[in-house]
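The block underneath contains the structure these notes are about, expressed in structure tokens.
Read-outs throughout are calculated quantities, based only on the coordinates presented, and are distinct from any laboratory measurement. Because the structure is a prediction, the values reported are computed rather than measured. A quick note on method: Cβ atoms are made from the backbone with ideal geometry, for glycine too, and the neighbour counts reach across all protein chains shown.
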Amino acid sequence: MKHGIEEGEICGRNGCQGVIKQHLVEGCWCHISPPCSACTKPRDFCPVHEELARTKCELQKERDKVVCPDCRGHGRLVYASGGRSVDTQCDKCSGEGYYIPR
């Protein structure tokens, strides 16, 4: 089966029924030195495959997260002193309880 490569064609990769589209040109400087890289790089894409790649990336980020050692996964820090207490969001994990180690 033929794979779609131009705008409006059916993708056809692994039975995909997505329709090939084109990204808009951004950052064109052809008015200075034509043709520019923004206009010559491939812009065709399959939205189905692009969404799949984005979802896989987000899933991997979630898998990479570990329990925050500062708040022990609660997302909150409580400090107590002399009858007073302060409850605040954990800075390390932004209150999620999990973070991606760097």
When region 41-89 is checked residue by residue, the ones that are surrounded by 11 or more Cβ atoms within 10 Å (Cβ to Cβ) and assigned to a loop (DSSP other than H, G, I, E, B) are ARG43, CYS46, LYS65, CYS68, PRO69, ASP70, CYS71, ARG72, GLY73, HIS74, GLY75
Given the conditions (1) over 14 Å from the mean Cα position of the chain (by Cα); (2) farther than 30 Å from GLU6 by Cα, every one holds for VAL48 apart from (2)
*Would you be able to say whether some residue in region 31-44 is without any contact (Cβ under 8 Å) to a residue 12 or more places away in the chain and in contact with a Phe, Trp or Tyr (Cβ under 9 Å, 6 or more places away or on another chain)?*
yes
